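What follows is a short report on a single structure.
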Amino acid sequence: MSKHQEATTAKRRWRSMLWTVLAVFFLAAALPSASYLFAQTSSGELPQRQFSEESETNPRSDMWRSARRGEGGFTNQSGPYVTNELINNSGENYRQIRMGPLTTVGGWFLVVVFLAITAFYLLMGQKKIDGGRSGQTVVRWQTYERFLHWLVALGFVILAVTGLSLLFGRTVLIPVFGHVGFSAWAEVAYSTHNLVGPVFAVALVVMILLFIRHNVPNKTDLQWFKQGGGIIGNKHPSAGKMNGGEKVWFWVGVFALGLTAAVTGFIALFPNWGFQTREIMSLVLILHATAGILWIGLFLGHAYIGTLGTEGALEGMTRGRVDVAWAKQHHDLWYQDVLASGEKPVSEEELKARKHQTGPSGSAAGQQGS
Amino acid sequence: MARMKFLCDAERCIECQACVTACKNEHEVPWGVNRRRVIVMNDGQPGERAVSVACMHCTDAPCAAVCPVDCFYTTADGIVLHDKDLCIGCGYCFYACPFGAPQYPEQTAFGVRGKMDKCTFCAGGPEPAHSQEELTKYGTNRVEEGKLPLCAEMCATKALIAGDGDVISDIYRKRVMQRGGRPQTWGWQSAYGEGV
């Protein structure tokens, strides 16, 4: 047999095996449930089965069983936190998850991410601009975009610090500050978290709407991921205004985790809306903390790459202008678009000269603040 | 030392609400906060049963486990108490508690609840016994005077009994032996990890 024939036989065998496995799965689900079809269509013809007295359940036992399951009864007492359930078992799940994986796995996850980033920085160092700066800059982020970014960033840091304090404070901060000291901080952290949260959520949604057009995935991103984003080594995969990694941060971090945290946050924040049972609240609190921890983990990566990790990246978000050499290296396709749109790179001297020209009259209003 | 427990005998409880009223009056608990409540199962039907529910002072208390500021403590008598000065009103203990015992004076927007309040087994709080602070924050301290919780003391049918777990178990066991049937120590499995 030739090699070609062998390959096709192997392929055929593989395919038939796959179909067999699929058929087994399908039939395993379909055949037993076929009896329902029979039972339902023929239920009118068969006599209703009479159960003997022995197999009937004891009504008293039934009552206690349903009480243990959390079925409600009648109560005269009223108040926002009065429940008519004898027992609620969801709290135990809440406790097990919160004091188990959420604090242990979640806490170590953040520690490991932080250590990994530190190790990466120590081993690999900063990603320099190849051939140094050109001295020429182009506009990357407009003022309103930067304002929004830093508003969200400030909110994020405040929420992260206060949120982490409430989750890990008992383990980490009480041994340091003592019960009274930590309680005072927790009080502040709790109110701050609750008041900053809604503002942050609104700013977050506006930022998502504003940045979504830069983050539409395309084929360039695939190529970018195939080359590992050029994080290790000296490759510089092509990228538009946003590279593949930034798009992951946008969709997974800002969009998915951010909106999860925002929605669950609102539900937890307004128990007076009335639909929040203990089951809903504990689920929402777990989701909120999980989304928060994952988001903070991703954020550590985002913050590192944007500041220490890459030479010339931060100024795009602070000044709004980036060096041409940086743009060519990290966002070549975007740089081409910028040139195509007619914008010309400007040197520092020119920028200063422009400021002087418009300074006294043109941008007087803008200078008042500084 | 004694291990204080509550036990409500559902075969005896007649849903008279005296325990609730006694508690409210003794500790001057504010409106909307209920340290104890009576729940009726199958209300108005044959076989209706009532149970008086409050903090059961669990052995391994879920409220204490989830509290972010660690404000709960268990006394030598096994009574679970908390420090209102540390409490930040986050509501976690309410979500963790199987009995719905933790209560808060408010339920408003932005998660403002006020300090948590719950049954103290009439044992006050961390403040000096019989001080004004203890009285306003936690109510009276009967245990310190050698008395048992007022709800159980007031119970007309002695359905609600409070005291050392061994003693009340004995009382209940004798009842069950006399009247027949199976023991139904409601909530004990959750709170103390055992029956009678």
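Each reported figure results from applying straightforward, stated rules to the coordinates on display, with no laboratory input. Since we're looking at a predicted model, the values are computed, not measured. Glycine gets a Cβ as well: all are built from the backbone with ideal geometry, and neighbour counts include every protein chain shown.
For the reader, a short list of remarks on this structure follows.
- Residues of the stretch B:46-65 with an amide N closer than 18 Å to a point placed 7 Å from the Cα of B:Cys16 along the Cα-to-Cβ direction: B:49-53.
- Chymotrypsin sites (Phe, Trp or Tyr not before Pro) restricted to the stretch A:258-353 and DSSP loop, no more than 15 other C-beta within 10 Å: A:Phe275
- Shielding value for A:273-285 is 2, the average number of Cβ atoms from other chains within 10 Å of each residue's Cβ.
- For the stretch A:59-74, 3J(HN,Hα) per residue [Karplus equation, 6.51 cos²θ - 1.76 cosθ + 1.60, θ = phi - 60°, Hz, x = Gly/Pro]: x, 5, 4, 4, 4, 5, 5, 5, 5, 5, 6, x, 6, x, x, 10
- For the stretch B:49-138, alpha-carbon Rg and Dmax in angstrom: 13.0, 40
- Expressed in units of 2.2 N^0.38 Å, where N is the residue count, the Cα radius of gyration of the stretch A:70-172 is 1.90.
- Footprinting exposure proxy ranking of B:Ile39, B:Ile161, A:Ile280, B:Ile14, fewest other C-beta atoms within 10 angstrom first, gives B:Ile14, A:Ile280, B:Ile161, B:Ile39.
- Neighbour-count order for A:Arg321, A:Arg15, B:Arg3, A:Arg98, fewest beta carbons within 10 angstrom listed first: A:Arg15, B:Arg3, A:Arg321, A:Arg98
- Each of A:Val113, B:Val80, A:Val180 was scored by other Cβ atoms within 10 Å of its Cβ. Arranged with the fewest first, they read A:Val180, A:Val113, B:Val80.
- Candidates B:Ser169, B:Ser131, B:Ser52: whichever shows maximal mean-square fluctuation once chain B is modelled as a Gaussian network with Cα springs under 10 Å: B:Ser131
- Alpha carbon convex hull of chain A, volume per residue in cubic angstrom: 329
- Inter-chain neighbour count for A:19-28: the average number of beta-carbon atoms from partner chains within 10 Å of each residue's beta-carbon is 0.
- Cβ-Cβ FRET estimate between A:Phe120 and B:Asp170, R0 fixed at 51 Å, reported to 0.05: 0.15
- Within a Gaussian network of chain B (alpha carbon springs, distance under 10 Å), most fluctuating of B:Gly163, B:Gly32, B:Gly78: B:Gly32
- Across peptide A:189-196, the mean count of Cβ atoms from other chains lying within 10 Å of each residue's own Cβ comes to 3.
- Residue ranges B:41-47, A:134-140 sort as A:134-140, B:41-47 when ordered by packing (mean number of other C-beta atoms within 10 Å per residue, highest first).
- Cβ-defined net charge surrounding B:Asp85, 14 Å radius [Lys, Arg +1; Asp, Glu -1]: -4
- Coupling constants for the stretch B:139-150 follow from the phi torsions by the Karplus curve (6.51 cos²θ - 1.76 cosθ + 1.60, θ = phi - 60°), and in residue order they are x, 6, 10, 7, 4, 5, 8, x, 9, 9, x, 5 Hz; glycine and proline get x.
- Per principal axis, descending, Cα span of the stretch B:4-191 in whole Å: 49, 37, 29
- Cα-Cα pairs of the stretch A:143-344 separated by more than 31 Å (percent): 30
- For chain B, cysteines whose Cβ has no other cysteine Cβ within reach (under 4.7 Å): B:Cys8, B:Cys13, B:Cys16, B:Cys23, B:Cys58, B:Cys67, B:Cys71, B:Cys87, B:Cys90, B:Cys97, B:Cys122, B:Cys155
- HN-Hα J in Hz across the stretch B:72-85 - Karplus 6.51, -1.76, 1.60, θ = phi - 60°, x for Gly and Pro: 8, 8, 10, 6, 4, 8, x, 8, 8, 10, 9, 9, 5, 5
- Here the stretch A:271-307 is scanned for amide nitrogen atoms under 13 Å from the site 7 Å beyond the Cα of A:Val252 along Cα-to-Cβ, giving A:294-302.
- The angle between the Cα long axis of helix A:258-269 and the main principal axis of chain A comes to about 60°, on a 0 to 90 degree scale.
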